[in-house]
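Below is one structure, written out as structure tokens; comments come after it.
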Amino acid sequence: MRLSSQTFTRFSPSSYPNMTSGSNSLMWFRKGLRIHDNPALEYAAKNSTHVYPLFVIDPHYMKPDPTAFSPGSNLAGLNRIRFLLESLVDLDSNLKKLGSRLLVLHGEPGEVLIRCLKEWDIKRLCFEYDTDPYYQALDAKVQSYALESGIEIFSPVSHTLFNPADIIQKNGGTPPMNCLSFSKIAGEPHWLSSSLSTTPSVIPPVGDVGNCEISEVPTVKQLGYDDIQEVMNHLYLKVVNLKH
């Protein structure tokens with residue numbers, strides 16, 4: 001069975017589609033760095049022989065940029081990057097409690113994902129749906145390969161309570177401009193009376209990773225950023241110079 005993420009809304013366990021058993025699943029972590037209330041992870045763990053929990057260090061967001069006004073990359077400040085890395089360490093710790101671990105790879109996510117799908121003989125790809133235009137283009141690239149290869153795709157809406165695309169469609173193609181109109185259009189969530197996705201009690205082990213260079217969650221310095229105190233001093237001097 002091959003599914004398109006475009007049709008997915010927030011899932012409760014009872015609404016999961018039928019699942020292929022005895023196969024390798026890849027759980028691609030992005031924003032939802034948690035094991036609780038994570039329908040993509042729960043689905044990946046169902047009836048799988050191996051589950052590969054993966055996070056890709058994307059230079060598009062995380063490569064240090066010395067020309068950026070605030071210390072960090074061109075798209076994310078250093079505090080945000082540091083919080084992300086701390087969240088990944090926490091996610092890895094929680095996965096290990098369930099008999100798994102977080103696999104960290106570096107590179108352009110589309111290329112990394114396609115290589116992993118091939119090398120790890122993945123039959124089911126799971127990830128949280130994202131409305132960000134960057135991720136939409138990235139997802140289209142990965143899903144195109146997955147569909148051509150007969151890989152099942154499960155991409156539920158779980159970062160938001162409603163599917164933004166559904167809201168815009170119900171409003172005639174434009175986003176509602178205030179909370180009242182949004183509430184009228186959205187109505188009561190269909191999943192409100194259902195139980196949400198639960199925390200898996202165990203996750204199938206990671207299989208053979210082949211030649212992929214798996215790393216631990218990097219530190220801020222390992223990503224190429226300066227010492228935190230040096231960065232704060234640098235920012236302070238910039239602010240002082242702007243005042244004069």
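The values are calculated or read from the model by the stated rules, or taken from the named source; none is laboratory data. These numbers come from a predicted model, not from an experiment. FYI the Cβ positions are ideal-geometry reconstructions off the backbone, even for glycines, and counts take in every protein chain you see.
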Exercise. Scan the stretch 191-218 and report the pairs whose first residue is within 18 Å of L98 (Cβ to Cβ) and whose second residue is among the aromatic types (F, W, Y) and at pLDDT below 90, with Cβ atoms within less than 8 Å and a gap of 6+ or a chain change.
Key: S197/F11
Quiz prompt | Residues of the stretch 107-127 classified as within 18 Å of P218 (Cβ to Cβ) and crowded, with 16+ Cβ neighbours inside 10 Å, total | solution = 2
Practice problem: May I ask you to list the residues in the stretch 172-209 that are part of a loop (DSSP other than H, G, I, E, B), at pLDDT below 80 and of a type outside the set (V, I, T)? | Solution: G187, E188, P189, H190, W191, L192, S193, S194, S195, L196, S197
Quiz item: Which pairs have Cβ atoms under 6 Å, sit 6 or more apart or on different chains, and link a residue in the stretch 52-77 that is on the phi < 0 side of the Ramachandran plot to one that is in a strand (DSSP E or B) and β-branched (V, I, T)?
Solution: F55/V104
Quiz prompt | Qualifying residue in the stretch 52-71 (condition: part of a loop (DSSP other than H, G, I, E, B) and surrounded by 19 or more Cβ atoms within 10 Å (Cβ to Cβ)) | solution = yes
Quiz item: Which ones in the stretch 128-159 are over 24 Å from S23 (Cβ atoms), free of Cβ contacts under 8 Å to residues at least 24 places away in the same chain and not hydrophobic (A, V, I, L, M, F, W, C)?
Solution: D132, P133, Q136
Quiz prompt | D130 vs. criteria farther than 23 Å from E213 by Cα, modelled with pLDDT under 95, surrounded by fewer than 20 Cβ atoms within 10 Å (Cβ to Cβ) and touching a Leu at 6+ places or on another chain (Cβ under 9 Å) | solution = yes
Practice problem: State whether the residues of the stretch 149-163 include one that is on the phi < 0 side of the Ramachandran plot, assigned to a helix (DSSP H, G or I) and acidic (D, E). | Solution: no
Quiz item: Restricting the search to the stretch 210-233, which residues are of a type in the set (V, I, T) and at pLDDT 90 or above?
Solution: I214, V217, T219, V220
